[in-house]
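The values are calculated or read from the model by the stated rules, or taken from the named source; none is laboratory data. Just so you know, these numbers come straight off a predicted model, no measurement behind them. Cβ atoms come from the backbone with ideal geometry, glycine included; neighbour counts cover every protein chain shown.
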Amino acid sequence: MDFIIKNKIFIRIKMQKEQEEIPVLPIAEVKTILPYEELPCVSVIIPCYMRKNFVSLIMTNLFHMDYPKGKLEVCILQDGPQELLTPEELEIFKQTLKCKVNYKYEKDIRRSIGDKRNRLVKMASHKIIACMDSDDIYYPTYLRYSVSALKEHKVGITSSAQMVFMYPNDNYKITGIRCGHKHQGHEACCVFTKKHFNSMGGFISKGEKGNQGEGVKMIAGNEKNMVNLDIRMIMICVVHNEDGGNTIDKERFRDCDMEGSMEGTPHLDCLKMILSQKK
């Protein structure tokens, strides 16, 4: 438990008061954080579109992740007109992170994010999959906390029914919400087994839901095989307008009051550097 408490101090976020009209999905207790030697291999899947400016944030998230790099595989699928990594940049990426990297670029194709997540799972070689988006901040605790919960509760998927947002254009203001439906786990922080993925039919890949709520099929009707985790141990969604901005609009969450700061962390320093280059 010291590990969890210590990292909550690192995040320094106080969740907003619960909204009474939304039923509370209890946050699962994680009693044991697995030691390095007991942690399984994990494939981290990252869908990308026009995210070249965020390569340094991807690397910062992975470099500072509290997980043995030798047990990580990073799978990246980039589509669209711009390649994410040149062969030379890919080599630097691999050497810096010291983990296996499986990178694929599909030029002149625009897939839904649900479709890309499904294809990335097929690219992955490990039995446990962790979702990561290219333009968000992930805490060092994310993988170890989520995988420990997956193992301790003997479930097929972990996620969070909470979301935290950061608004760089509003002095890096932090806000937060709880999703209004118990089926809704945040896709960007799902950690699941391939067995669960196959049994539930994967992510929604077509139509409107392919880019919004694409993960509902992974949970719907199977809530007993999922645990809801504390978002303060997992990630912050960065709201921005870089290269087309976020997949879905998040401006409506700007006024959801919350207290928090990430000042002095390498993740925020990296994000500020990325955004300053466009000014």
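Quick notes on this structure:
- Tally, over region 126-175, of residues that are of a type outside the set (Phe, Trp, Tyr), part of a loop (DSSP other than H, G, I, E, B) and under 16 Å from the mean Cα position of the chain (by Cα): 9
- All positions within region 156-214 that are of a type in the set (Val, Ile, Thr), farther than 18 Å from ILE137 by Cα and at pLDDT below 90: ILE204
- Some residue of region 117-131 being at pLDDT 95 or above, among the β-branched types (Val, Ile, Thr) and farther than 18 Å from LYS195 by Cα: no
- Scanning region 56-102 for residues that are over 24 Å from ILE128 (Cβ atoms) and in a strand (DSSP E or B) returns ASP79, GLY80.
- In region 94-120, the residues that are in contact with a strand residue (DSSP E or B) (Cβ under 6 Å, 6 or more places away or on another chain) and not basic (Lys, Arg): CYS99, VAL101, ASN102, TYR103, TYR105, GLU106, ILE109, ILE113, LEU120
- Whenever a residue of region 109-133 is more than 19 Å from THR158 (Cα to Cα), its partners that are in a helix (DSSP H, G or I), lying with C-beta atoms within less than 6 angstrom and at least six residues away or across chains, give the pairs SER112/GLY210.
- Every residue from region 50-99 that is crowded, with 22+ Cβ neighbours inside 10 Å and of a type in the set (Lys, Arg): ARG51
- In region 176-201, the residues that are surrounded by 20 or more Cβ atoms within 10 Å (Cβ to Cβ) and assigned to a loop (DSSP other than H, G, I, E, B): GLY185, HIS186, CYS190
- Within region 131-156, tally of residues that are closer than 12 Å to ILE234 by Cβ, hydroxyl-bearing (Ser, Thr, Tyr) and surrounded by fewer than 23 Cβ atoms within 10 Å (Cβ to Cβ): 0
- Selection within region 102-130 - under 18 Å from ARG51 (Cα atoms), surrounded by fewer than 19 Cβ atoms within 10 Å (Cβ to Cβ) and of a type outside the set (D, E, K, R): ASN102, TYR105, ILE109
- Residue within region 161-170 that is over 17 Å from MET233 (Cα atoms), in contact with a Lys or Arg (Cβ under 7 Å, 6 or more places away or on another chain) and polar (S, T, N, Q) present: no
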